[in-house]
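First the structure, in the form of C-alpha cells, and then the observations on it.
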Amino acid sequence: MRFYYFFFIFFVASQAFSIEPAEILSDTKLENRARNLSSNIRCLVCQNENIDSSDSEFAKDLRLFIRDKLVKGHTDDEIEKFLVSKYGTYILFKPEFTGYNIFLYLFGPFIFIFGFITILFVFLRV
Amino acid sequence: MISELGHFLLIAAFCLNLGLIANYISIKAVLVGHTSFFNKLESLLLTLLAISFLLLIISFVTSDFSVKLVANNSHILKPALYKVAGAWGNHEGSMLLWVLILTLYLFLFQFSSRNYPEVLVRNVILVQLSIIALFLFYILVLSNPFERLEFPPLNGQDLNPILQDVLLVAHPPVLYLGYLGLSIPFSIAIGFLLTNDHKINIVGLIRFWSLTSFIFLTLGILLGSIWAYYELGWGGWWFWDPVENVSLLPWLLNLALIHSVLILERRNSLLNWTILLAIMGFSFSMIGTFIVRSGLITSVHAFANDPSRGLFILLIIFLAITSSFVIYVTKRPNYENSMKLNLASKELWIVVQNLILLVIAAVVFLGTIWPFIIEAIFDEQVSVGEPFYEVSLIPFVIIFAFMLPIASKIRWRRKNNGYVRRLLILIFISSGLSACTFIWKDFNLLTFIGLFLALWICISSILEFISSFKSKLPIIKGLKSSLILNSRLIGRTCAHFGFGLLIFGVTAVTSWEIEDIRNVEVGEKYYLKSYQIVFKGVDYSVEKNFKRVSGSFEVYKNSKLVGTLSPEKRLYPSRNEVTTEASINPTLFNDFYMVLGNKLDENAWVVRTYIKPFISFIWVGVILIALGSFFSVFSFTYKDRGITL
C-alpha cells in the first residue's frame, strides 16, 4: 500500500497544473493584460484549450514568455505578432481580420442585413 | 451467446424495417383498417431494438470481455452504474442508442397522430422508417456493437475516467432524446410535402414534437455544461468546443421553429419557412453527430477513428439532407403571402428574431467548420475559439434580447397604443436599476448592458404575466382549469424569465468572478474578500478503481463556519490518468469553488480558489426555459380549444 502512495504522490506532483502562483506578476495591470492575451492563445499540444487553463509544459513556457515580454514593455500587438510569426496563425483563437478571415467575420452581419432587407421587401412591400 | 442473439435481433429488425418501408411505399397494400396491424409491426421493431440494446448492457454488466466493445470500454472494477453507462459511452453503443430512440419516437408519434389524415401519417412513418433504415444499415455494416474478439483479454481498458460521472450517465441519452426528437418535425415536414395536399393542418403536431425535443435538448446541454463546470477544474461552463457548438445548432433552430409555429398557427402563413426550419433542425442534428462521430475533431466525444466510418456517415447525411431539400424545392406549397404587416405587428418582430437566431446558428456553424475549410482550400491552419464567438455573437444576442419583451408584449390583433409609453418607462426603470449596481462596482459597458437586458426581460415578462392572466379567466373559476387555460402563458413567462436569469448569471459570473491562486501550507490561514480559509491538511485513500488525494479546507465568514471543501485529485491506474475533482460549496448567490493543484513539498500545495457570483442563476435560468417548454407542450392549439383571440 505504501508503494502505491509513493507512486501516486510522485505522479501527482509531476503534473504541471495551469497557472501557478510563482508565475503571477505582482503588477496587477500587467497581470490582467497577460490574462487577456492568454485567453486568445491556443495551447498547441492540447485539445481546444487556451494556455491559461492548460496543464502542459508548452503552455507554461508561453505564459512565462508573455509575462517576460510584458515586463520588458512590449505591447499586446507585438507579442501576438511575434507568436504568430513563430507558430503560425493556428495559435490565435481569434483569427486576425485579414485575408480569407474577413469573410468569416462579415458572414454573420452580411446574412443579417440581407435577411432583414428580404423581410422588409416580402412583408412590408417597401 | 448473448451478443450473437443481440446481433441477430439487429438483423431481424433491419429486415422488418425494410419490409415495412416496402409496404408503405406501395400505398395500396396498406388498406384502410390494416393500419393497426402495421402499428403492431412498428411496436415489434421497437421491441427488437430495445432487447438488442438491453443485451448489450447485459454484456457490459457481466463484463464479457470477449465482446470487443466491452473489452475496449469497460473494466472489471468499474462501479456498476458506469458499467451500464459504458454501453453508450462509445461509438457503436451510442449509434445503437441513436437508432433505438429514433424508433421510440416513431412509436410515440403514432399516439399523437390519431386525429390526422391517414395519408399524412403514413408518409411521416415512411420517412421516419427510412431514416431508421439508413442508420441501422450503417450499424450492421460498419459499426457492429456485438463484434467478438478471438482472444478475449482478462480485463478491459476502462472508460475514460473523466467520463465516469453520474451526470454523464444521463447526458448522452437526454441529449439524444433532444436531437432525435427533431426527427419527427422533420418527418412531418417531408411527409406533408409528399402528400401534395397542403390543406392539412400540421401546426399542432410540429408544435408538440418540437417543444418535446426542445425540453430534452435544453436539459441535455445543461447536464454537459454543469459537468464541465465541476469536472474540468477551471470553473468554466461553456468552452465553445466544436462538440458544444454542434449541440447548440439544433437548439437554436428548434427555438426559431417553436416561435415561427406561433405565426403559422395564428395567421396560417409562414408555412414554407416553418417547414424549412423543421428540415434544417434535424439536418443540423445529423451534421452534429457527423462532426462528433467522424473523428474529424479530437475531443472526449470523438469515438470513431476509422475514416471509412466517417465517410459512410457523411454519405448517409448527405443523402438525407439533399433528398429532403430536393423534396422541399420541388414540392413546397405555392402560397401567396397574405400578411399585411407594419412595424407594430407581432409577426414582423418574431420573424426578425427568427432571422437573428438563424444568423447566430450560421456564425457558430461557420466558425466550427472554418478550420477544416481553410485547411482544405489553403492548406493553412487557423483556430476559431471563444474570443471569436464573443466578438461576433454578442451584438446579435444583445439585439435579440432587447427585442424579446417587445415581441412578446405586442398583441396579435389589437391596437397597441399606449404600449410604447409603458415600454419606454420600463426601459428607463431597468437601465436605472442596473446603473445603480455601479455604485459598488467599477463601470463596464458590457456588464451594464447585460444587467439592463436581464432586468428588462424579467420585469416585463412578469408584468405581462400579471396583465394577461387577469384578462383571460378569473382565478375563482378554479385553480386547475385556470392553470390549464393559462398553460401557454405560464410556459412563455417561465421560459422568458429563465432567459433573463440566464443573461444575468452570465453577466455576473464573467464580470465579478474572483480568482485566487497561491501556495498554501497545511495549517495556513488566508483571506479572500470577506472570507477566511483554513487549510486543514490532505488525506490519501484508495478506492475500488482509483486512488485519491483530497485536501480539506474550512471557510469562515465573520468567524462563522460557512462550509468545508475537499477538492480532490484522482489517479485511475487502469488508464494511468489523473483527474481533478473541484470542490464546490454552492449557495444561491455565490459558488465557492476550490481546486487542488500541484504538491510543492511535504506540506505545501498550490490551491486555486474562485468565488463565482450568481452562477446558479445560469442553471436555474436554463431549467426554467425547459420547464416553460414543458408547460407549453400541454396546451393545445388555440383552434383546438375553441378560443378566439
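Please treat every number below as a calculation from the coordinates, not as lab data. Note that this is a predicted model, so its numbers are computed, not measured. Here the Cβ positions follow ideal geometry from the backbone for every residue, glycine too, while neighbour counts run over all protein chains shown.
Take the alpha carbon gyration tensor of the stretch B:204-294, find the square roots of its eigenvalues, order them as a ≥ b ≥ c, and report rounded if a/c is under 1.5; if not, report prolate when a/b exceeds b/c, else oblate. Judged from the Cα gyration tensor, the stretch B:204-294 comes out prolate (a/c at least 1.5, a/b above b/c). For the pair residue A:113 and residue B:116, label points projected 7 Å from Cα toward Cβ lie 4.1 nm apart. Taking a span of 30 Å or more along the helix axis (Cα atoms) and a mean Kyte-Doolittle hydropathy of at least -0.5 as the rule, the DSSP H helices of chain B that qualify are B:2-25, B:35-61, B:91-112, B:118-142, B:203-231, B:242-267, B:271-293, B:307-331, B:346-378, B:386-409, B:445-472, B:487-512.
Annotation for residue B:529 and residue B:372: the two label points, set 7 Å from Cα along the Cα-Cβ direction, are 4.2 nm apart. For residue B:591, the amide hydrogen comes within under 5 Å of the amide hydrogens of B:612, B:614, B:615, counting only partners 5 or more places away or on other chains and with H modelled in the peptide plane. Fully extending the segment from residue B:140 to residue B:421, taken as 0.36 nm per residue of separation minus the present Cα-Cα distance, adds 94.8 nm.
Give, rounded to the nearest 20 debye, the magnitude of the charge dipole that the stretch B:362-419 has about its Cα centre when Lys and Arg contribute +1 at Cβ and Asp and Glu contribute -1 at Cβ.
That gives a dipole near 1140 debye.
Any of B:199/B:346; B:40/B:68; B:78/B:536 with alpha carbons more than 27 Å apart? Name them for me.
Over 27 Å Cα-Cα: B:40/B:68; B:78/B:536.
Hey, got a sec? Which trypsin sites (Lys or Arg not before Pro) in the stretch A:49-126 land in a DSSP loop and have at most 14 other Cβ atoms within 10 Å?
Sparse-neighbourhood loop trypsin sites (Lys or Arg not before Pro): A:72, A:125.
Net length available on complete extension from residue B:518 to residue B:603 is 29.2 nm, with 0.36 nm assigned per residue and the Cα-Cα distance removed. Using the Cβ-Cβ distance between residue A:71 and residue B:160 with R0 set to 30 Å, the FRET efficiency from 1/(1 + (r/R0)^6) comes to roughly 0.15. With the simple spin-label model, which puts each label point 7 Å out from Cα in the Cβ direction, the residue B:467 to residue B:559 separation comes to 5.4 nm. Shape of the protein assembly as shown from its Cα gyration tensor (a ≥ b ≥ c, root eigenvalues): rounded if a/c is under 1.5, otherwise prolate when a/b > b/c, or oblate? Taking the square roots of the gyration eigenvalues as a ≥ b ≥ c, the protein assembly as shown is oblate. Centroid-to-centroid, using Cα positions, the stretch B:564-585 and the stretch B:204-239 are 24 Å apart.
Between residue B:2 and residue B:197, full extension at 0.36 nm per residue minus the direct alpha carbon distance yields a gain of 65.4 nm. Which of rounded, prolate, oblate describes the stretch B:1-164, given a ≥ b ≥ c as roots of the alpha-carbon gyration tensor eigenvalues and a/c under 1.5 marking rounded, otherwise prolate only if a/b is larger than b/c? Judged from the Cα gyration tensor, the stretch B:1-164 comes out prolate (a/c at least 1.5, a/b above b/c).
Rounded to the nearest 20, the Cβ-based charge dipole of the protein assembly as shown about its Cα centre (Lys and Arg +1, Asp and Glu -1) stands at 3640 debye. For residue B:380, the residues whose modelled amide H falls within less than 5 Å of its own, excluding neighbours fewer than 5 places apart on the same chain, are B:375.
So how do A:90, B:593 line up by other beta-carbon neighbours within 10 Å, fewest first?
Listing A:90, B:593 from fewest to most nearby Cβ atoms yields A:90, B:593.
When A:20, B:380 are sorted by how many other C-beta atoms sit within 10 angstrom of their C-beta, beginning with the fewest, the order is B:380, A:20.
For residue A:81, a cut-off of 18 angstrom between C-alpha atoms picks up these aspartates and glutamates, skipping any fewer than 8 places away in its own chain: A:61, A:68, A:96, B:380.
Would you list B:403, B:95 from fewest to most Cβ contacts within 10 Å? List each step's numbers first, then the result.
Working: B:403 15, B:95 25.
Ordered from fewest to most neighbouring Cβ atoms within 10 Å, B:403, B:95 come out as B:403, B:95.
Summed over qualifying helices (DSSP H, 4 residues or more, each -39500 (n - 2.57)) and divided by its residue number, the protein assembly as shown shows a 222 nm mean residue ellipticity of -21000 deg cm²/dmol.
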